[in-house]
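I have placed the structure first, in the form of structure tokens, so that the comments after it can refer back to it.
The values are calculated or read from the model by the stated rules, or taken from the named source; none is laboratory data. Keep in mind that what you see is a predicted model, and the values were worked out from it rather than measured. Quick reminder, even Gly has a Cβ in these numbers, built from the backbone with ideal geometry, and neighbours come from all protein chains shown.
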Amino acid sequence: MDITHIIIDDANPAHRELSIYRTGEINRIRLSDKTYSVYARFKVTAHNHTALFHYGIVESLDVLPFISETGHGLDSWDEAFLHHSQLGKMLALLKEGEKSIDPKRTEKALLGWHDTPAAAYWRKIDPKEFLSFLDELKTFVSETIKGGYDLEFIL
């Protein structure tokens, strides 16, 4: 059986409509607020969303006590919250995770497939772009710590 290999292109509107095309955001909030308020947003592009899972960053962060409706911790398709008391540990895990990323090695991640017609959907991951994203995320988390905020993850 011949399988068509499709590389996801963020500039292609048809690709952005696929269910496997995932973006997200991380919001700076206060769990103690009486009403829901977002104090800052950190956008997660589709490229970086895939890379977070591909490089095992999400899996490594899942050792932290995330609060989520499903009880699955930090996961795609779920909203999860992390108390500010855990953000220092999150920073340490991000720093540890980035050590395993080779900035010279572009990777490909399988996002999904279907049998009829036979097609596999892939995303190329630029490690330098993702490492830059991790640096920005670490800065966002550090600023969140200083302000005594919590984080909300919508992945």
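When restricted to residues that are surrounded by fewer than 17 Cβ atoms within 10 Å (Cβ to Cβ) and in contact (Cβ under 8 Å) with a residue 40 or more places away in the chain, region 131-142 contains 4.
Within region 79-130, the set of residues being over 30 Å from residue 2 (Cβ atoms), in contact (Cβ under 8 Å) with a residue 12 or more places away in the chain and of a type in the set (S, T, N, Q) comprises 86, 100. Does any residue of region 27-41 turn out to be charged (D, E, K, R) and buried (at least 18 other Cβ atoms within 10 Å of the Cβ)? The answer is yes, given that some residue of region 27-41 is charged (D, E, K, R) and buried (at least 18 other Cβ atoms within 10 Å of the Cβ). Taking the condition within 15 Å of residue 144 (Cβ to Cβ) and exposed (fewer than 14 other Cβ atoms within 10 Å of the Cβ), does residue 100 pass? Here the answer is no, as residue 100 does not meet what is asked. Total residues in region 102-136 satisfying the condition of being touching a strand residue (DSSP E or B) at 6+ places or on another chain (Cβ under 9 Å) and either part of a strand (DSSP E or B) or β-branched (Val, Ile, Thr) (or both): the figure is 16. Scanning region 33-46 for residues that are among the hydrophobic types (A, V, I, L, M, F, W, C) and either in a strand (DSSP E or B) or at pLDDT below 95 (or both) returns 40, 42, 44. Taking the criterion of being in contact with a helix residue (DSSP H, G or I) (Cβ under 7 Å, 6 or more places away or on another chain) and either surrounded by fewer than 19 Cβ atoms within 10 Å (Cβ to Cβ) or among the aliphatic types (A, V, I, L, M) (or both), the residues of region 108-125 that qualify are 109, 111, 125.
The single residue among 20, 29, 7, 57 that is within 29 Å of residue 103 (Cα to Cα), modelled with pLDDT of 95 or more and more than 13 Å from the chain's Cα centre (by Cα) turns out to be 7.
Only one of the numbered conditions (1) surrounded by 14 or more Cβ atoms within 10 Å (Cβ to Cβ); (2) touching a helix residue (DSSP H, G or I) at 6+ places or on another chain (Cβ under 7 Å) is violated by residue 9, and that is (1). Here region 54-78 is the region considered, the condition is being touching a residue at least 40 places away in the same chain (Cβ under 8 Å) and assigned to a loop (DSSP other than H, G, I, E, B), and the residue that is surrounded by the most Cβ atoms within 10 Å (Cβ to Cβ) is 74. Does residue 49 count as surrounded by 15 or more Cβ atoms within 10 Å (Cβ to Cβ), within 13 Å of the chain's Cα centre (by Cα) and not in a strand (DSSP E or B)? Judged against the criteria, residue 49 is a match.
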